[in-house]
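Written below as structure tokens is the structure these notes are about.
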Amino acid sequence: QVQLVESGGGLVQAGGSLRLSCAASGRSFSTYTIGWFRRAPGKERDFVAAITWSTSSTYYADSVKGRFTISRDNAKNTGYLQMNSLKPEDTAVYYCAATRVGTYYSTNSYLYWGQGTQVTVSS
């Protein structure tokens, strides 16, 4: 069992930055792939980024590549999403999730989810 709690969301102007954190409780955090997803109003929950447990390989949606950076600190049981050069279209509720199997970009692969944190980017 893994419990995830996101933090770090808020209101920021376009071009600004935010860092989201995903604090995990439970066992074996280091053996889970961590993913970040987001849901904009009226849209589906979309993949943003993922970092694997085995090699810490990272993957990004095209829309955030070069602006967002995913990382993890296994000693602190925490994952991070550094978001730079934010745009109004990045406005969404951001969720972190954990999985040991499946494809990193699919919501169906993830067993554990946080409650989400709101990110609002003003123009």
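Each label point was placed 7 Å from the Cα along the Cα-to-Cβ direction; for residue 40 and residue 14 their separation is 1.3 nm.
Whole-Hz Karplus values for the range 116-122 come out as x, 9, 7, 10, 10, 10, 8 Hz, taken residue by residue from phi with 6.51 cos²θ - 1.76 cosθ + 1.60 and θ = phi - 60°; glycine and proline positions read x. Other residues with beta-carbon under 11 Å from the beta-carbon of residue 95 carry, at +1 per Lys or Arg and -1 per Asp or Glu, a net charge of +1.
Derived scalar couplings between HN and Hα for the range 59-74 equal 9, 9, 5, 4, 5, 10, 4, x, 10, 10, 9, 9, 8, 8, 10, 5 Hz in order, rounded to whole Hz, by the Karplus curve 6.51 cos²θ - 1.76 cosθ + 1.60 (θ = phi - 60°), x for Gly and Pro. Looking at the chain, the accessible area is 51 square angstrom per residue; that uses a 1.4 Å probe and ignores ligands, DNA and RNA. Computed from the C-beta positions of residue 89 and residue 111, the FRET efficiency with R₀ = 35 Å rounds to 0.75.
Simple spin-label estimate for residue 55 and residue 74 gives 1.5 nm between the two label positions (7 Å along the Cα-to-Cβ direction from each Cα). Remark: the range 23-34, residue by residue, has Karplus-estimated 3J(HN,Hα) of 8, 10, 10, x, 8, 6, 3, 5, 9, 10, 6, 10 Hz, where x stands for each Gly or Pro and the curve is 6.51 cos²θ - 1.76 cosθ + 1.60 at θ = phi - 60°. Distance distribution P(r), the chain, all Cα-Cα pairs, bin width 5 angstrom from 0: 2, 13, 24, 26, 20, 10, 4, 1, 0 percent. Mean separation of Cα pairs under 8 Å and 6 or more residues apart, divided by the residue count, gives the chain a relative contact order of 36 percent.
The values are calculated or read from the model by the stated rules, or taken from the named source; none is laboratory data. Just so it is clear, the structure is predicted and the values come from calculations on it, not from any experiment. FYI the Cβ positions are ideal-geometry reconstructions off the backbone, even for glycines, and counts take in every protein chain you see. Keep in mind that these areas ignore ligands, DNA and RNA; they rest on the heavy atoms of the full protein, side chains included. Shrake-Rupley method; radii C 1.70, N 1.55, O 1.52, S 1.80 Å.
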